[in-house]
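Enquirer: I'd like to ask you about the structure that follows.
What follows draws every value from the coordinates through simple rules; no lab data is involved. Quantities reported herein were computed from a predicted structural model and do not represent experimental measurements. Positions of Cβ are backbone-derived with ideal geometry, glycine not excepted, and every protein chain shown enters the neighbour counts.
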Amino acid sequence: MRGYRVRFLFSNLYLIVTSSILISGCALHTIDFSPNPNIEAYQSFSIEVVDQSNLSSPWWAAFDRPVLDDLMDDAISNNFDIAQSVAVLNQSRALARQTNADRLPQVDILADTDKNWRGSEGQRGSSEIGADLSWELDIWNRISAATKADQYDAVARFEDVETLKLLISTETANAYFGAVASNQTIKLLKQQLRLDRDLQNLLNLRLEEGLGTNVEVLQQRARVADAQKRIPLVEANLTIFENRLDVLTGKMPDGQNSVLALEDLKFTDKMPKVEIPAALLLNRPDIRAAKAELMSADADIASAIADRLPRVTLDGSYAYADNATFTGPVSMIMGTFVQPLLDWGKRKAEVERNKALYEEKLAAYTQLYLEAVEQVENALTREIKQREFLKQLNRQRQILQQTVNAAKDRYTSGIDDYLPVIDALKELRNIQRDLITENLNLINIRIDLYRAIGAPTTKDLSDDTV
């Protein structure tokens, strides 16, 4: 008899639900699990990279700097921006588990007891203990779609963590090589200062011997002062870079130098492997995050549409009762049907809002992809042109060095005064300082390229052999 009642209950619910669907006229939504940017990409970048190297290790390993490797390990493990992002990821995962739990039956333990007194005489009480069950049948995948939306949101947050790791690693590399450049500049300035002082001593001797002029001595003293004034500013920059490294690696800035003074700015000429533009959709974590957010928005559309359709909930209970009229097990099962009838367009507006949100996410996804291609194109162009510029700058330095040597020879021979020597030295020293700055710029451009292509921050285990 009980089985007949259950079948009767479900058959009636089925008829009611079917009729409601026909009345509402809503069509269910299919989620697109492989969305593409709203633009067609070229098959290759405009600049061909001939000498490429594969990246099976973290991208900074290409610089072959053990100190930098240690700093990167600390930054990835201890950076507090990354820790915040991981906490946001854990929140998103927990929310996805919460939403998914709504798909399953909810069971609660219940207990109830009471006893009455009339005057001083106690009456027989009643007690009941058992379990309640409530289960929304996800017929139209409303909860399932909402779960997928939260799951893809969690995927996006995971990719946010990977994006932040790539960003923090590039900032760490920029600070590291900035400190290296500062050390090299300090070394160069001190070397120039020693040479200026030697020249000043030489001019003093010539003045004493009646071969020079007081103007030449004063001019050289001004050059010594110029070299001296530059050093404190570069030392300040070094401290700033070192403090930045401390913060990026999750440490309190302590004013101590972690970058070796003997480090240089040389690195391999081989460029990282640059694949076709479409590969950025897989390699760049920020683009993967945008894609996951797009799928999450698509799932929200499906959930909002299903919310306009009937909801069917099963409620049941099983308990053992003991009261004045009955003692024994008590059970109950009940089906509840809810069909939105008049909400003044609220649910329809929610569907439209989610569709508009999807269009926003699609536009953001496409824009991010375009910018990623732009960044790779720019980084490739900048590195090639920067290397050409450095080649010419080195050639200019060689010519200026020859000019300084010739001017000194003419001065010591008494052919010219000291002014040509000063002018030649001034240009040479500017070029020497520029070379350090431009070599640092070249490294920063390479770092930008690693970031633009979405270079790995962990070792590619697929290349390992067991």
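Enquirer: Going by C-beta contacts inside 10 Å, put 197, 395 in order with the fewest on the left.
Expert: Going from sparsest to densest Cβ surroundings: 395, 197.
Enquirer: Taking a cut-off of 26 Å between Cα atoms, list the lysines near residue 361, but don't count ones fewer than 8 places away on the same chain.
Expert: By straight Cα distance, residue 361 reaches 148, 165, 291, 346, 348.
Enquirer: Let me ask something else. Percent relative contact order of the chain, based on C-alpha pairs within less than 8 angstrom and at least six residues apart?
Expert: Details: 614 pairs, mean separation 123.6, N = 466.
It rounds to 27 percent for the chain.
Enquirer: Could you please report the charge total around residue 452, scoring K, R as +1 and D, E as -1 over all other residues with beta-carbon less than 10 angstrom from its beta-carbon? Show your work: numbers first, answer last.
Expert: Details: positive: 284, 451; negative: 371, 374, 377, 448.
Once all neighbours under 10 Å are counted, the net charge is -2.
Enquirer: Full extension from residue 221 to residue 101: what is 0.36 nm times the residue separation minus their Cα-Cα distance, to one decimal in nm? Spell out each step's value before the answer.
Expert: On the way: separation 120, 0.36 × 120 = 43.20 nm, distance 8.00 nm.
Taking residue 221 through residue 101 to full extension adds about 35.2 nm, to one decimal.
Enquirer: Let me ask something additional. What is the local net charge at residue 256, summed over the other residues whose Cβ is closer than 9 Å to its Cβ (Lys, Arg +1; Asp, Glu -1)? List each step's numbers first, then the result.
Expert: Values: positive: none; negative: 242, 246, 254.
So the environment of residue 256 carries a net charge of -3.
Enquirer: Based solely on its DSSP helices, what 222 nm [θ] is calculated for the chain when runs of n ≥ 4 H residues each add -39,500 (n - 2.57) and the sum is averaged over all residues, nearest 500 deg cm²/dmol?
Expert: Values: 9 runs with 287 residues, N = 466.
That calculation yields -22500 deg cm²/dmol at 222 nm.
Enquirer: What does the net charge come to around residue 340 if you take all other residues with beta carbon closer than 13 Å to its beta carbon, with K and R at +1 and D and E at -1? If you can, show how the numbers build up before the last one.
Expert: On the way: positive: 142, 308, 311, 346, 347, 348; negative: 307, 343, 350.
Here the count lands on +3.
Enquirer: In addition: Roughly how big is the chain's charge dipole about its Cα centre, with Cβ charges of +1 (Lys, Arg) and -1 (Asp, Glu), in debye to the nearest 20? The partial results should precede the final answer.
Expert: Details: 53 positive and 67 negative charges, 58 e Å.
It works out to roughly 280 debye.
Enquirer: In what sequence do 295, 271 fall when counting other Cβ within 10 Å, fewest first? It would help to have the intermediate numbers written out before the result.
Expert: Values: 295 23, 271 20.
Neighbour counts put them in this order, fewest first: 271, 295.
Enquirer: Pull out a ≥ b ≥ c, the square roots of the eigenvalues of the alpha-carbon gyration tensor of the chain, then state rounded if a/c is under 1.5, prolate if not and a/b is larger than b/c, and oblate in the remaining case. Please report the intermediate quantities before stating the final value.
Expert: Numbers: a/c = 4.45, a/b = 2.76, b/c = 1.61.
In terms of gyration-tensor shape, prolate.
Enquirer: Report the extension gain between residue 81 and residue 61 in nm, rounded to one decimal, defined as 0.36 nm multiplied by the number of residues separating them, less their alpha carbon distance. Could the numbers behind the result be given before it?
Expert: Numbers: separation 20, 0.36 × 20 = 7.20 nm, distance 2.28 nm.
Fully extending the segment from residue 81 to residue 61 adds 4.9 nm.
Enquirer: If we count chymotrypsin sites (Phe, Trp or Tyr not before Pro) as exposed when they sit in a DSSP loop and have at most 15 other beta carbons within 10 Å, what is the longest stretch of the chain that avoids them all?
Expert: Values: sites that count: 33, 42, 267, 326, 344.
Excluding the exposed sites themselves, the longest stretch runs over 43-266.
Enquirer: Report the one residue of 316, 425, 334 whose Cα lies farthest in the direction of the positive end of the charge dipole of the chain (charges on C-beta: Lys and Arg +1, Asp and Glu -1; origin at the Cα centre).
Expert: Going by the Cα projections, it comes out as 334.
Enquirer: What stretch of the chain, leaving out the sites themselves, is the longest with no GluC sites (Glu not before Pro) in a DSSP loop having at most 13 other Cβ atoms within 10 Å?
Expert: 210-466
Enquirer: Work from the charge dipole of the chain (Cβ charges, +1 for Lys and Arg, -1 for Asp and Glu, about the Cα centre) and give the residue of 60, 215, 277 farthest towards its positive end.
Expert: Positive-most Cα among the choices belongs to 277.
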